[in-house]
Amino acid sequence: MQTQVTAGSGERQLIIETGKLAKQADGAVTVQLGETVVIVAAVAAAKPREGQDFFPLTVDYREKAAAAGKFPGGYFKREGRPTEKEILTMRMTDRPIRPLFPKGWYNEVQVQTIVLSADGENDPDILSINGASAALMVSDIPWAGPLGAVRVGRIAGQFIVNPTHSELKDSDLDLVFVGSETEIVMFEGSAKEISEADFNAALEFGLQAVQPIIAAQKTLAAQAGKPKRQIALNIVPEDILNEAKTLAGDRIATVLTSTPGKLAREAAINAIFEEVGAKLVEKFGAEKVTEFVIKDAQNTLQKEAVRGLILNQGKRLDGRAFDDVRPISAEVGILPRAHGSALFTRGETQAMVLATLGTGQDAQEFDSYTGGDTEKKFILHYNFPNFSVGETGRIMGPGRREIGHGALAERSLEPMVPAENYPYSIRVTSEIMESNGSTSMATVCGGSLALMDAGIPLKAAVAGISIGICTEYNDAREIARYQLLTDIIGAEDHFCDMDCKIAGTEKGITGFQLDLKLRGLPPRLMVEAIEKARVARLAILGEMAKTLAAPRPELSKYAPRIVSLKIDPDKIGALIGPGGKNIKRIVEESGCEIDIEDDGTVNIFSVSEEGMQIAKEAITGMTAEAEIGKVYRGKVVTIKEFGAFVEFLPGKDGLVHISELANFRVKKTEDIVKLGDEIWVKCLGVDEKGRVRLSRKAAMAERDAGMSGEPAPSETADAPADSPPENEASREERPDEPNHERRERPQRRERGRGHRRGGNRR
């Protein structure tokens, strides 16, 4: 039966429909906002795979070119591997729904989103999250929803729900919020130094905004939902778990608090459970005590020990107080050829971060079927090698985790990167050297230092911190006890309930991401967590300032230099030339990279001062206007009976009338100049048709006067036609007098030609 529900009103109305498409899926819905439409389908396997010891949830999201009425770019006209945007949306959809599946249920679940229509203004990512919740609600899959998702923006101090791409350009906040009826479930996004108070207000606004969506899903499930299937949970039998507790005793807690170092603690815990596992097999038999049972028992007991230490004894594994940040050290400029580099260490987490400056041509371009930017001039890539955790494994390209962590660090730093008219593209690369909690926030700190080390005028330094929480629930499923943890380590992230990452400057928040293992968190607790993040962030910024308090005044000597020229936009075509001939020649001769903007801004990038000068002179000359009275060195390009056409500026010709070729009567143009000759000419003016009038006669008279120190003779003086003066016929027309030719050329121009030859050799 086809069923439809709505939430919101007007242009921001969300429409959810089921029963029309994908009826063989366990649950399927279409979600529409504006003219953007997605279908989300959920399917769960009938039984778990043999030996399955984890919950295999797969979330997939795909954008189709046809949805936007476009062809895919590239040679193959078919969508292939997921883009970064698609992967980030998969993660955004996955994280809030995952904790709501039953613990111990290991049937494979797949949730797939396909964009069917994209209007270029309403982003489908919010629709994917709401669609996943609605599809699971109407299915027979066990799931403790519903959830609601909105994007929150702020324009002129006013929060708005689900802003369009156009509206986001004027917003100082881009918050993706997911909530239940009473609690915060997930958030992520970026802001332009928003205060903690305003951020909390945005979360409260988001919580209220999702309520109609949640209500609509409940109505949909009541009208068209299937009864939930009966399931069997794969858990450790109680008798085996109790025996494991007896055998382990207090040794787990003792090891956790007395063994320094992550790897040493893990090794000691594993040694305990090798012994415990062997005894369990001996008592209950290998059929009952499988590898999964031993592994799950170890995880359960270790989790209980960690949480007991925190909630009952007030202890952390590494001995810190709950609000303490691990010891911090930072170095900058440690890599000789990198434009900027930093090594940031916090406890056993260490990030080597490099900053690289490039030209406008180095910006990342990509298809954007669903709207938004199609180019990025600031890019951050995060890499997590196996050795950072002392493990071996398959070495391959970046996975979803690396892309997600890199995106979080990127949006945390980007608000502080100079954007307006900054000519450089910037790439930050984070190589994780060691990991024990919150490598993404270490990347933010190291990235900020690396950018400043490169001489990039960062608006303000940025630091990030992760806040965790350990909770205890009562029988009413309410939080009875909790403890917030500043700067969580890996074990606290794994065995506790929250990883809340907040990044920002001294002034406010720039990036954020919340991941919960709980079904939700009350807003009052989130207020506390955000305040602890602020205090820790300020402390970290203070430590970073001891290493580098401000951007270096100059760029790295290995970074490309840039000079910006402004030309008449009407001359852009002449500068580029037919088929790009002119600009290609300049690039080849100078070794520079040149970007030309539509407004006539020409950016020249070069690591060589010599090449920069060559490019500047060529562009200036090619776009310059003729100046009346100025003498130019030009090349004869056309011979006519009435005179010669001379290219006196790149791409610009002028006529030297036969009467202006010499200070005597010239019978034939070829008597004075030949095709390809380089001669001096003086600009006499521009006629009513825009044609430039040149004079060789006047130029030679002016030059001769300058060299002799005497006034220039009259430009109208004539000499006998059959006796050209020595200073004309013998000077310029004699190719066998190189010394005189060098004397005639301006010294500046000669240096440029020499530099061009040297640049070609390089």
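The values are calculated or read from the model by the stated rules, or taken from the named source; none is laboratory data. Quick caveat, the model's predicted, so the values are computed rather than measured. We place every Cβ from the backbone using ideal geometry, glycine too, and count neighbours over all the protein chains shown.
If only residues of the range 487-528 that are in a loop (DSSP other than H, G, I, E, B) and β-branched (Val, Ile, Thr) are counted, the one that is surrounded by the most Cβ atoms within 10 Å (Cβ to Cβ) is Ile488. Total residues in the range 620-650 satisfying the condition of being aliphatic (A, V, I, L, M) and modelled with pLDDT under 85: the figure is 4. When restricted to residues that are in a strand (DSSP E or B) and without any contact (Cβ under 8 Å) to a residue 60 or more places away in the chain, the range 365-388 contains 7.
Being in a strand (DSSP E or B) and aliphatic (A, V, I, L, M) is the requirement here; does Ile469 meet it?
The answer is yes for Ile469.
The set of residues from the range 194-217 being under 24 Å from Met498 (Cβ atoms) and either part of a loop (DSSP other than H, G, I, E, B) or in contact with a Pro (Cβ under 7 Å, 6 or more places away or on another chain) (or both) comprises Ser195, Leu203, Glu204, Leu207, Val210, Ile214.
Table: residues versus (1) surrounded by 23 or more Cβ atoms within 10 Å (Cβ to Cβ); (2) of a type outside the set (Lys, Arg).
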| site | (1), (2) |
| --- | --- |
| Val37 | no, yes |
| Asp53 | no, yes |
| Ala65 | no, yes |
| Arg81 | no, no |
| Arg91 | no, no |
| Pro102 | no, yes |
| Asn107 | no, yes |
| Val111 | yes, yes |
| Pro124 | yes, yes |
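Of all residues in the range 631-657, those being farther than 23 Å from Asp570 by Cα, assigned to a loop (DSSP other than H, G, I, E, B) and of a type outside the set (Asp, Glu) number 1.
Taken over the range 282-313, the criterion of being without any contact (Cβ under 8 Å) to a residue 12 or more places away in the chain and farther than 21 Å from Phe54 by Cα is satisfied by Glu282, Gly285, Asn312, Gln313. In the condition set (1) surrounded by fewer than 22 Cβ atoms within 10 Å (Cβ to Cβ); (2) in contact with a Leu (Cβ under 7 Å, 6 or more places away or on another chain), Ile379 is compliant with all but (2). The test for being of a type outside the set (Lys, Arg), part of a loop (DSSP other than H, G, I, E, B) and surrounded by fewer than 22 Cβ atoms within 10 Å (Cβ to Cβ) holds for Gly690. Considering the range 556-574, the residues that are out of contact with any Phe, Trp or Tyr (no Cβ under 9 Å at 6 or more places or on another chain) and touching a residue at least 60 places away in the same chain (Cβ under 8 Å) include one that is surrounded by the most Cβ atoms within 10 Å (Cβ to Cβ), namely Ser556.
The combined condition, being in contact with a Ser or Thr (Cβ under 9 Å, 6 or more places away or on another chain), outside any strand (DSSP E or B) and either surrounded by 15 or more Cβ atoms within 10 Å (Cβ to Cβ) or not hydroxyl-bearing (Ser, Thr, Tyr) (or both), is not fulfilled by Ala549.
Using the structure shown, decide if Leu451 is surrounded by fewer than 24 Cβ atoms within 10 Å (Cβ to Cβ), of a type in the set (A, V, I, L, M, F, W, C) and modelled with pLDDT of 95 or more. Please lay out each step first, then the result.
Values: surrounded by fewer than 24 Cβ atoms within 10 Å (Cβ to Cβ): no; of a type in the set (A, V, I, L, M, F, W, C): yes; modelled with pLDDT of 95 or more: yes.
No: the conditions fail for Leu451.
Contact map, the range 472-493: residues that are closer than 14 Å to Ile310 by Cα paired with residues that are modelled with pLDDT of 95 or more and among the small types (Gly, Ala, Ser), Cβ distance under 6 Å, separation 6+ or inter-chain. Pairs shown: Leu484/Ala529; Leu485/Gly468; Thr486/Ala536; Ile488/Ser466; Ile488/Gly468; Glu492/Gly468. Inside the range 411-457, residues that are more than 20 Å from Gln364 (Cβ to Cβ), in contact with a Ser or Thr (Cβ under 7 Å, 6 or more places away or on another chain) and outside any helix (DSSP H, G or I) make up a count of 8.
The set of residues in the range 307-323 being among the acidic types (Asp, Glu) and either in the same structural domain as Gly464 (by TED's automatic domain parsing) or loosely packed, with under 15 Cβ neighbours inside 10 Å (or both) consists of Asp323 alone.
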